[in-house]
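Here's the structure we're looking at; comments come further down.
The values are calculated or read from the model by the stated rules, or taken from the named source; none is laboratory data. Keep in mind it's a predicted model, so treat the numbers as computed, not measured. Positions of Cβ are backbone-derived with ideal geometry, glycine not excepted, and every protein chain shown enters the neighbour counts. Calculation scope for accessible area: heavy atoms of the full protein, side chains included, ligands and nucleic acids excluded. Shrake-Rupley method; radii C 1.70, N 1.55, O 1.52, S 1.80 Å.
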Amino acid sequence: MPSGDELIRLTAREAVTLLAKGEVTPLELIDAALARIEAVEPAVNALPTLCVERARDHAKRLMARRDPLAGGARGWLGGLPVAIKDLTDVAGVRTTYGSPIYADHVPETSHPLVEGLERNGGVVLAKSNTPEFGAGGSTFNEVFGRTRNPWNTSLTCGGSSGGAAVALATGEIWLAHGSDHGGSLRGPASFCSVVGLRPSPGRVTRGTVNNLFSASSVQGPMARNVPDIALFLDALCGRDRADPLSIAPPATSFLDEVLDALKKGKDGAPKRVAWTPDLGGAVPVARETQAICAAAARRFEDLGSVVEEASPDMGRIGEAFQIIRAMIFLVDRGPLMETHRDQLKPDIIWNTEKGMALKPTEIAWAERERAALYRRMVTFFKTYDVLVCPTSVAPAFDVNLRHRTAIDGVKLENYIAGSVITSGISMTACPAISVPCGFDGFGRPVGLQIIGAPQDEAGVLRSAALYERLAGFDRQLPIDPREGTVPDD
């Protein structure tokens with residue numbers, strides 16, 4: 001059997017293969033993960049809540065089952081330990097939502113996503129840290145404190161799926177669940193040099209949310225590489241009656257799509273790739289980030305793709321996003337404003353009050369603006385197979401800051417103003433993935449965002465897998481946490 005250090009360095013697919021062959025057990029993977037968590041958690045604070053006995057009990061049940069058919073099933077994880085973001089309920093496990101209001105909350109039932117994942121052989125071992133109610137691009141809260149970037153522990157890991165990204169980068173876990181409204185699966189992936197996929201609305205159940213009929217927030221997978229994320233998406237996706245927007249899985253599994261693309265190589269590459277450094281001028285992006293991502297986009301030419309600089313017209317989508325986001329905050333946090341205002345962080349109060357002040361005409365305009373952008377995206381993808389751009393407007397910033405305040409001297413007005421490069425894409429309902437594409441002069445990771453047509457996760461994953469194989473950044477993981485200083489930029 002491989003040693004514990006060798007086990008944590010396996011990809012998720014490699015670990016699942018060993019599980020299927022009986023060459024390693026879920027209990028041995030749990031022990032390997034726990035040893036790694038003990039070693040690195042003091043430096044990063046990514047997985048503040050463990051559910052060890054619950055995980056071991058589930059692992060034992062899977063081992064007793066010994067279903068010979070399960071190993072070949074779509075999305076079957078075979079007892080692989082996973083992490084669940086602390087915004088999502090796991091039965092019998094402390095779930096705080098990053099809020100002191102729920103510091104001692106222990107749900108009796110699991111979120112439908114967790115139930116489905118466990119049916120597919122995922123073993124929940126830990127809850128990953130998140131900002132309070134997932135609000136913010138830096139992972140910190142009053143319950144568990146700050147999560148630090150393993151590439152430089154003086155820097156933020158991003159948010160709101162920050163704990164998930166750090167746990168992957170450091171080898172604490174093989175797969176980590178997250179969620180994404182304005183960029184929460186993609187931003188932390190970019191900051192930590194891992195992979196984060198925002199699926200199409202409905203691809204993964206949202207189950208228990210109050211905004212059931214909104215396409216803004218989604219649940220999704222994070223991993224160290226693209227084939228692993230495809231496997232995880234297969235385990236997460238599917239129709240769920242608890243979510244009226246949920247959709248059935250495609251005929252071909254996402255993992256099979258990725259493996260087919262890697263087998264075909266250039267013959268499986270996108271024919272036409274659109275590159276934009278800033279979504280057509282919709283958002284300021286740091287110059288060095290633009291240069292790194294431009295070079296990465298040109299790598300598609302090595303696959304035989306035609307790469308052209310082009311962008312859909314984003315209109316005033318940044319304004320529309322803030323209006324719709326404020327409306328969502330009012331739905332989600334309005335009741336808490338009445339009962340626990342003194343325990344909510346300022347950003348949540350600001351965003352919810354913004355929702356309270358909205359006029360019906362403003363909401364109507366924002367919805368029309370979003371619908372118009374969606375129609376332009378559909379037209380755009382009749383010409384191009386994928387759109388690529390930077391994932392984040394700049395690399396990771398000081399871990400002690402609540403949010404970035406400026407980009408190359410351009411002031412940002414509020415905590416979400418720098419997210420338009422991801423939140424604007426969220427407003428299109430298009431699937432988007434962040435893959436590592438390099439490092440800046442200070443050694444900070446940079447991610448490339450690859451966007452596809454609505455519900456074309458397969459095309460996004462195929463393109464990302466081929467780029468990843470060329471770039472090779474996934475082979476640098478996992479890493480040990482590193483100390484560093486905050487760049488003066």
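Looking only at the range 26-42, count every residue that is open to solvent by 40 Å² or more (accessible area, probe 1.4 Å) and more than 23 Å from ALA91 (Cα to Cα) and tell me the total. So that I can check it myself, show each step before the final result.
Taking the range 26-42 as the starting set, the residues that turn out to be open to solvent by 40 Å² or more (accessible area, probe 1.4 Å) are 27-28, 31, 35, 38-39, 42.
Add one more test, that the residue is more than 23 Å from ALA91 (Cα to Cα), and what stays is 28, 35, 38-39, 42.
Total satisfying the criteria: 5.
Looking at (1) more than 30 Å from ILE349 (Cβ to Cβ); (2) modelled with pLDDT under 95; (3) touching a helix residue (DSSP H, G or I) at 6+ places or on another chain (Cβ under 8 Å), which one does ASN414 not meet, given that it meets all the others?
(1)
Give the range 273-305 a look and list any residue that's open to solvent by 50 Å² or more (accessible area, probe 1.4 Å) and within 19 Å of MET377 (Cα to Cα), or say none.
If the condition is that a residue be open to solvent by 50 Å² or more (accessible area, probe 1.4 Å) and within 19 Å of MET377 (Cα to Cα), then GLY280, GLY281 are the ones that fit.
Only residues that are under 11 Å from the mean Cα position of the chain (by Cα) and assigned to a loop (DSSP other than H, G, I, E, B): list them for the range 179-204, please.
HIS181, GLY182, GLY183, SER184, LEU185, VAL194, PRO199
On the basis of being at pLDDT 95 or above and over 30 Å from SER305 (Cα atoms), does ASP398 make the cut? Full working, then the answer.
Details: at pLDDT 95 or above: yes; over 30 Å from SER305 (Cα atoms): yes.
When the stated conditions are applied, ASP398 passes them.
Restricting attention to the range 384-393, does a residue exist that is open to solvent by 40 Å² or more (accessible area, probe 1.4 Å) and over 23 Å from VAL195 (Cβ atoms)? Before you say what the answer is, go through the steps one by one.
Restricting attention to the range 384-393, the residues satisfying the condition of being open to solvent by 40 Å² or more (accessible area, probe 1.4 Å) are 385.
Now narrow it down to the ones that are over 23 Å from VAL195 (Cβ atoms): none.
No, the range 384-393 has no match at all.
Looking at the range 164-178, I want the residues that are touching a residue at least 40 places away in the same chain (Cβ under 8 Å) and in a loop (DSSP other than H, G, I, E, B) and have a partner that is of a type in the set (S, T, N, Q) and surrounded by fewer than 24 Cβ atoms within 10 Å (Cβ to Cβ) with Cβ atoms under 9 Å, at least 6 apart or on another chain. Which pairs are those?
Between residues of the range 164-178 that are touching a residue at least 40 places away in the same chain (Cβ under 8 Å) and in a loop (DSSP other than H, G, I, E, B) and residues that are of a type in the set (S, T, N, Q) and surrounded by fewer than 24 Cβ atoms within 10 Å (Cβ to Cβ), the close pairs are TRP174/THR11.
Hey, any hits in the range 240-253 for a residue that's open to solvent by 10 Å² or more (accessible area, probe 1.4 Å) and in a helix (DSSP H, G or I)?
No, the range 240-253 contains no residue that is open to solvent by 10 Å² or more (accessible area, probe 1.4 Å) and in a helix (DSSP H, G or I).
For the range 423-443, indicate whether the set of residues that are at pLDDT 95 or above, in contact with a Lys or Arg (Cβ under 8 Å, 6 or more places away or on another chain) and over 26 Å from GLY238 (Cα atoms) is non-empty.
Scanning the range 423-443, I find no residue that is at pLDDT 95 or above, in contact with a Lys or Arg (Cβ under 8 Å, 6 or more places away or on another chain) and over 26 Å from GLY238 (Cα atoms), so the answer is no.
Tally the residues that are within 18 Å of SER138 (Cβ to Cβ) and surrounded by fewer than 24 Cβ atoms within 10 Å (Cβ to Cβ), restricting the search to the range 86-98.
Keep residues of the range 86-98 that are within 18 Å of SER138 (Cβ to Cβ), which gives 86-87, 96-98.
Next, only the ones that are surrounded by fewer than 24 Cβ atoms within 10 Å (Cβ to Cβ) stay: 97.
Count: 1.
Look through the range 212-231, keep the residues that are closer than 22 Å to LYS127 by Cβ and over 11 Å from the mean Cα position of the chain (by Cα), and return whichever of them is surrounded by the fewest Cβ atoms within 10 Å (Cβ to Cβ). Working first, answer last.
The first filter runs over the range 212-231 and keeps only residues closer than 22 Å to LYS127 by Cβ, leaving 217-224, 228-229, 231.
From the residues that got through so far, the ones that are over 11 Å from the mean Cα position of the chain (by Cα) too are 217, 224, 228, 231.
Numbers: SER217: 21, ARG224: 28, ASP228: 26, LEU231: 28.
It comes out as SER217.
Please determine, by comparing only the residues of the range 392-416 that are touching a residue at least 40 places away in the same chain (Cβ under 8 Å) and among the hydroxyl-bearing types (Ser, Thr, Tyr), which one is nearest to GLY443 (Cα to Cα).
For the range 392-416, the residue satisfying everything is SER392.
For residues in the range 101-120 being under 25 Å from ARG65 (Cα atoms) and hydroxyl-bearing (Ser, Thr, Tyr), which is least open to solvent (accessible area, probe 1.4 Å)?
Restricting to residues being under 25 Å from ARG65 (Cα atoms) and hydroxyl-bearing (Ser, Thr, Tyr), the top hit is SER110.
Filter the range 121-158 for residues that are small (Gly, Ala, Ser), closer than 24 Å to ASP347 by Cβ and open to solvent by less than 10 Å² (accessible area, probe 1.4 Å) and give the result.
From the range 121-158, those small (Gly, Ala, Ser) are 121-122, 126, 128, 134-138, 145, 154, 158; that's our starting set.
From what is left, the residues that are closer than 24 Å to ASP347 by Cβ are 128, 134-138, 145, 154, 158.
Selection gives SER128, ALA135, SER138, GLY158.
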